[in-house]
Amino acid sequence: MYVIDTDALLTISALVPSEEINLLLEELVPLVEQGEVCFPDLVISELRRLAHGESVALWIRSVAGSRKCKSVAYSYTIQVLAAADSLLDEAGEEESSQVAVAAMALHLGNSQNEAVKVVTEDRRPLPTRSCLAEACKELGLVEMTALDFIRQAGLQSFLPGES
């Protein structure tokens, strides 16, 4: 099971050639429908703002209703902030999805009998907050890159030079 963030989805659309991205995204639809891939609502909002009109933004809106997990109890957000409070960007004008992604991963990890992996490219701290990859370590969550996710999902044939 994977919880994927905005940065990872943007990276996936950059890694995969434009003529292949819609095919890769189509392959992800059943994973979303089966509950293997999840994302919080804030990821949808961020993609709408950051990638308006692009394939990944259109895809996420089209599969949003098919998610098995759409939101989590606020207690998981409190757990995230208690363990990794530097992840919250208090100076940010927009609410960021990193805390919501970590909260969803904690929730799914507690409610499922399988490992939950956070797919993120948020790997460098910013002046106003830490990064999601570091927060995952503090929370005991497994994190991985978008490239690793593509390979683990068996979609490497969409990457240039891989089959």
(message) Debye calculation, C-alpha points only, no solvent: report log10 I(q)/I(0) for the range 6-45 at q = 0.17, 0.19, 0.24, 0.27 Å⁻¹, in the same order as the q values.
(response) -0.49, -0.61, -0.92, -1.05
(request) Using label points projected 7 Å from each Cα along Cα→Cβ, tell me how many nm separate residue 82 and residue 138, to one decimal. (result) 1.4
(request) Return 26, 36, 134 ranked ascending by Cβ neighbour count within 10 Å, so the fewest neighbours appear first. (result) 26, 36, 134
(message) I need the calculated FRET efficiency for the pair residue 70 and residue 19, taking r as the beta carbon distance and R₀ as 35 Å, to the nearest 0.05.
(response) 0.65
(request) Pop a pseudo-label 7 angstrom from the Cα along the beta-carbon direction at both residue 156 and residue 45 and give the gap in nm to one decimal. (result) 3.7
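Out of all Cα-Cα pairs in the chain, roughly what percent, to the nearest whole number, are more than 27 Å apart? Mind showing how you got there, number by number?
Working: 2479 of 13203 pairs.
For the chain, the share of Cα pairs beyond 27 Å comes to 19 percent.
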(request) Return 120, 128 ranked ascending by Cβ neighbour count within 10 Å, so the fewest neighbours appear first. (result) 128, 120
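Suppose the chain between residue 128 and residue 111 were pulled fully straight at 0.36 nm per residue; how much longer would it get relative to their current alpha carbon spacing?
Details: separation 17, 0.36 × 17 = 6.12 nm, distance 3.19 nm.
Extra length from residue 128 to residue 111 when fully extended: 2.9 nm.
None of the figures in this text is laboratory data; all of them are computed from the coordinates on show. For clarity, every value in this text was computed on a predicted model and none was experimentally measured. Reconstructed Cβ throughout: ideal geometry from the backbone, glycine too, with neighbour counts over all protein chains shown.
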